[in-house]
Structure formats: C-alpha cells, structure tokens
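See below for the structure under consideration.
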Amino acid sequence: LVFSGDLFQLPAGTVGLAVGAQRREEERNANLSDDANAEDLVFLIGDQDTSASREIDAVFAEALVPLLSSADLGSLEAQLAVRYEDYSTGFDSTDPKIGLLYNSPESRVAARFTYGTSFRAPTLFQQFVRDPSLNQTSAPLSSPNPTFLGWTADAAELQPEEADTFTFGVTVEPLQDLVFSVDYYNVEYSNRIVTQSGQVLLNEENAAIAAAGCTTAGEFLASATCQAAANPTQIIRDPNTAVPLRL
C-alpha cells in the first residue's frame, strides 16, 4: 500500500513524498519419505519433516527534496528514505538512506553521493532446517581420511546480517557523446551469515587435542584429558576408533 504525491513548494522546486506499508507471509514445509525420517538413506542418511512460517510487516517513507535550482550554479536535490521491518521470528530492523545528486548548468558535470544501512534476514531454511551433505576432509586423527556426513544445523536464533553502504560518483561530459564516469563503492558487513567449514572445525579441535598431548587416535582414546579438549557438540566421533562420523 503506497501513497505518493507533492507536499509543498520550496524555492528550488516541489517536495515529493511517498509513504507506504507492506506485509509478506512466508511458509516452508518439507514432508520427507519414511526412510528419510528414519535416517535410513544411503549416504545422506535423511532427516525429519520440517515446517516453518513467518510474517514480515514493513513501513517506509521516501522524500525527494530540491535544495538548489539555479541557471548559474546548477541543481542539487536530496533523497531521504527510511524503512522499518518487523519479523515474527524475533528480529526487526530500521534502515535509513540519504542521497545527494548535483547537476552543473547544462548537465556537463554530475556528482552523486549515497549513504545507507541495509540488512539481509536469514531464510526459513537457515533458521529451521538441517542441511545434510557429504564431507571429504582431512581428519588428523584418522587414517585414511574418511568421508562422513556433515549437517549444517538449523539455527533459530540467527540474526540478520547488516551492512553500511557508502557510494560516491562523478560523471563528466566535456563534449557531446563523450562521457567519463567513475564510482566508488564501500560496503561494510557485520554479522555475516555463513556456513562453518567442517575442515576448520576439525583443525581447531585437532589443535586443542594436540595441545593436550595427543596426536594419534590411540592416544586420544586413552586420554581423558585429550577427550576433554575435543568438540563433541559439533564433531561426533566413533567411540572405538575416534573417526569422525558426523559434523
């Protein structure tokens, strides 16, 4: 739902405004086979049925404000915007944006600047579904290196990844049909949503085990100190051989 129109007149022109609201509904359902539910498939083993849904409500506003309009100095306008989104799965975000656009007389030179924040929400799959995959990794306590199951775990507590974005650009037209343009972009992310590397998890665990004094599977199985340095939450090993079974 969007309302837009002119607000009032400034010396440089008319201020325009758009305001609106939005509602989105998302749903994901997976009904797997009985064999998959029983984790009785070859290789990828299987998983349980999943169902997840969410509602997203948003409100937003955007204004175009003319700041300068002169035959001698050119024109300058500002774009001001803000958007608020609220997710029923437990997070929200308010993201502003400001933009400036300058045009010289006869539009031979244009300069533009924007700054804003943004976010990317985790998907329903990332929040509520495990993702099985086969992993061939170097397992330091195992010989030969095994192939085993990796699960990218569901993480309902995932928060959105966020970004601060800054751009600046200049366009010059010294002659008709001859245009030079340059743009600079800077995007700084935080809380990026990525899948952990199984190899990195194994390497980190192996370093902790080695620091505790064990470098072979036999030493690991015989030492309670080395087993205490392991990562049993994320790395499940065969209790008899220490070979990784699942990540």
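Here the label points at ARG112 and VAL200, each 7 Å from Cα along the C-beta direction, are separated by 3.5 nm in the simple model. Think of each Lys and Arg Cβ as +1 and each Asp and Glu Cβ as -1; about the Cα centre, that makes the dipole of the chain roughly 440 debye.
Think of the chain as a dipole: +1 on every Lys or Arg Cβ, -1 on every Asp or Glu Cβ, centred on the Cα centre; then among ALA58, TYR84, LEU141, LEU141 lies furthest on the positive end. By the Kirkwood approach, averaging reciprocal distances over each pair of separate Cα atoms, segment 29-127 gets a hydrodynamic radius of 18.1 Å.
When a/c is below 1.5 the answer is rounded, else prolate if a/b is larger than b/c, else oblate, so apply that to segment 200-247 with a ≥ b ≥ c taken from the square roots of the Cα gyration tensor eigenvalues. Don't skip to the answer; put the middle values down first.
Details: a/c = 1.73, a/b = 1.15, b/c = 1.50.
Because a/c hits 1.5 or more and a/b fails to exceed b/c, segment 200-247 counts as oblate.
Segment 90-130 and segment 20-49 have Cα centres spaced 33 Å apart. Of the listed residues ARG237, ARG192, the order by accessible area with a 1.4 Å probe, largest first, is ARG192, ARG237. Dividing the summed helix terms, -39500 (n - 2.57) for each DSSP H run of n ≥ 4, by the number of residues in the chain produces a 222 nm estimate of -3500 deg cm²/dmol to the nearest 500.
With a ≥ b ≥ c taken as the square roots of the eigenvalues of the C-alpha gyration tensor of the chain, please select rounded if a/c is under 1.5 and otherwise prolate if a/b is larger than b/c or oblate if it is not? The shape class here is prolate.
Excluding VAL82 itself, what net charge comes from residues whose Cβ is under 12 Å from its Cβ, given Lys and Arg +1 and Asp and Glu -1?
Details: positive: ARG83, LYS97; negative: GLU62, GLU85, ASP95.
Every neighbour counted, the sum reads -1.
In this simple spin-label model, placing a label point 7 Å from the Cα along the Cα-to-Cβ direction at both LEU73 and ILE98 gives a separation of 1.8 nm. Taking 0.36 nm per residue of separation and subtracting the Cα-Cα distance, full extension of the segment from VAL15 to ALA155 would add 45.9 nm.
The label-point distance for THR171 and ARG23, in a model that sets each label 7 Å from Cα toward Cβ, rounds to 4.0 nm. Taking the Cα atoms only, what angle lies between the long axis of helix 198-211 and the longest principal axis of the chain, rounded to 10 degrees? Tilt of helix 198-211: around 50 degrees.
Each other residue within a Cβ distance under 12 Å of ASP57 adds +1 if Lys or Arg and -1 if Asp or Glu, for a net charge of -1.
Given their separation in residues at 0.36 nm each and the Cα-Cα distance between them, THR225 and ASN191 gain 8.9 nm when the chain is fully extended.
The values are calculated or read from the model by the stated rules, or taken from the named source; none is laboratory data. Bear in mind that the values here come from a model prediction, so they are computed numbers and not experimental data. Cβ atoms come from the backbone with ideal geometry, glycine included; neighbour counts cover every protein chain shown. Keep in mind that these areas ignore ligands, DNA and RNA; they rest on the heavy atoms of the full protein, side chains included. Shrake-Rupley method; radii C 1.70, N 1.55, O 1.52, S 1.80 Å.
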